[in-house]
Amino acid sequence: MTSILHVGWSDALHPDPSLNFQLNRWTAYGGARWFEDVRPVVPKLTSYDAWKEIFVALGEQALADGRPFHAALHFRSAEFFMTVDDSRKRPLRARLLPLLRAESGVPETARRWVPFEGARLPAWHLVPPRSKGTFVVFGGFDSYIEEFFPFLTRMRDDGWTIVAFEGPGQGTALEESKTVLTPDWHRPVAAILDAFGLDDVTLVGISLGGCLVMRAAAFEPRVRRVIAWDILTDLYACFTLTLPPALRSLADNATNADAAGKLDLAIRDAQTRSPLLDWVMKQAYHVLGCKSPSEVFARARNFHTRDVSQGVQQDVLLMAGAQDHYVPLDQLFEQARMLPAARSTTMRIFTKEEYAQMHCQLGNFPLALDLMESWAEERTRPPRAVG
């Protein structure tokens, strides 16, 4: 494994905030050497089509140079923006995931397929020589669990047992089992806990997983500690955050067929002028199992924590980046207010000075990992004898 979990963030890698985020995202795993490949071609990254072509070429060159991990990151950077109707997506995914697995030091024998409602969920079991406890980890809207291997293996090496899985609508469960994302996240979590015979676990949800983790914990007593990395109380609010006011108003008021039709026309028209919106909507169709913009926004309304948070009785760690451009910071305080029954609630806001101010602290994964591990260890220690 050549990942070093790079610490650092730059606002100046690309003028497009979304593409700038992606460059920082993969630099977080590949470090300065990965970005050395990219630096000369940044001026050519002028469109999503150019981005995809260039990163495929960079991946091929890294492979030829004997750097398979960096090649996998380049391929993933390209594949990330390939929609399901792009004929290049499936074969590129078939190349990059085995590269990530091979370079992670995680053997294929660590994977187990867990039956779930007519499908199967991939789960990876990482076991240290002596365990401090168990983390059960999953991602969010558009990640592959293999992306997280660099920090999951670090957690294992720090003494933690890790069970990392993809639920319905995520990664391999989406692409191969054709599942779609569900707000009833306690069901896949229960299937994983049953399959591995787990109790007394720390459940970690990454990105949109910060919403799903609450939805699972409220119904699953075998979860004793809950980590939202980061918080996300309302997916609909995040989806509509950057929409122009007129489109946001249409979405907010799409309560009947006529209003939904107007929203569909307006969003589809906006997609022709915004490559980012076009990608977001096509990805949402795929992940949520929708066929129209209005259906996407209607389904997104189901992914929130308002109806379940009062049932969360565990120790809870809420993490947030001070400048997260996907999830507004006020959702952190909203989530904390909605946890009256939690055994304890800890909030942590990460800052620019720590290079951790963005979504899921991708500028400083080591800092986030240190916090989660120390927080969990404090809450899994056996009580001291009295007297």
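Observations
- Base-10 log of normalised Debye intensity for region 100-155 (one unit scatterer per alpha-carbon) at q = 0.13, 0.21, 0.22, 0.27 Å⁻¹: -0.36, -0.93, -1.01, -1.34
- q = 0.09 Å⁻¹: log10 I(q)/I(0) that the Debye formula gives for the chain, counting C-alpha atoms only: -0.51
- Among the trypsin sites (Lys or Arg not before Pro) found in region 82-186, those both in a DSSP coil and sparsely packed, with 15 or fewer other Cβ atoms within 10 Å of their Cβ, are 88, 130, 178.
- A full extension of the chain between residue 276 and residue 222 corresponds to an added length of 15.5 nm, given 0.36 nm per residue minus the alpha carbon distance.
- Greater than 24 Å apart at Cα, pairs in 178/282; 89/262; 178/291; 52/262; 262/291: 89/262; 52/262
- When Rg and the Kirkwood radius Rh are both evaluated on Cα atoms of region 1-158, their ratio Rg/Rh stands at 0.98.
- FRET efficiency, 1/(1 + (r/R0)^6) with R0 35 Å, evaluated for residue 198 and residue 257 via beta carbons: 0.20
- Most to least packed among 24-32, 37-45 [average Cβ atoms within 10 Å]: 24-32, 37-45
- Alpha-carbon radius of gyration plus Dmax, which is the widest Cα pair, for region 64-114 in Å: 12.3, 37
- From the C-alpha gyration tensor of region 17-102, square roots of 5λ in Å: 17, 17, 11
- Region 84-201: C-alpha gyration tensor shape, a/c 1.5 cut-off, then a/b vs b/c: oblate
- Remark: region 176-290 carries a charge dipole of roughly 140 debye about the Cα centre, counting +1 on each Lys and Arg Cβ and -1 on each Asp and Glu Cβ.
- Rounded to the nearest 20 debye, the dipole size of region 17-102 about its Cα centre is 260 debye, using +1 on the Cβ of Lys and Arg and -1 on the Cβ of Asp and Glu.
- Two-site FRET efficiency, residue 102 against residue 131, from Cβ-Cβ distance with R₀ of 25 Å, rounded to 0.05: 0.50
- At full extension, residue 176 and residue 307 could sit 44.0 nm farther apart than now, given 0.36 nm per residue minus the alpha carbon distance.
- For region 248-288, taking Cα atoms only, Rg and Dmax work out to 10.7, 28 Å respectively.
- By definition, a body whose alpha carbon gyration tensor gives a ≥ b ≥ c is rounded when a/c is under 1.5, and region 157-231 falls into this rounded group.
- Report summary: the helix-based calculation at 222 nm, which adds -39500 (n - 2.57) for every DSSP H run with n ≥ 4 and divides by the residues of the chain, gives -14000 deg cm²/dmol.
- Ignoring the sites themselves, the chain has its longest run without GluC sites (Glu not before Pro) in a DSSP loop having at most 16 other Cβ atoms within 10 Å at 177-387.
- Charged-residue dipole, Cβ positions (Lys, Arg, Asp, Glu), the chain about Cα centre, Debye nearest 20: 520
- On the principal axes of its alpha-carbon atoms, region 285-341 has extents of 38, 29, 15 Å, going from largest to smallest.
Each reported figure results from applying straightforward, stated rules to the coordinates on display, with no laboratory input. No experiment lies behind these values; they were computed from the predicted model shown. In this analysis, Cβ positions are derived from the backbone assuming ideal geometry, glycine residues included, and neighbour counts consider all displayed protein chains.
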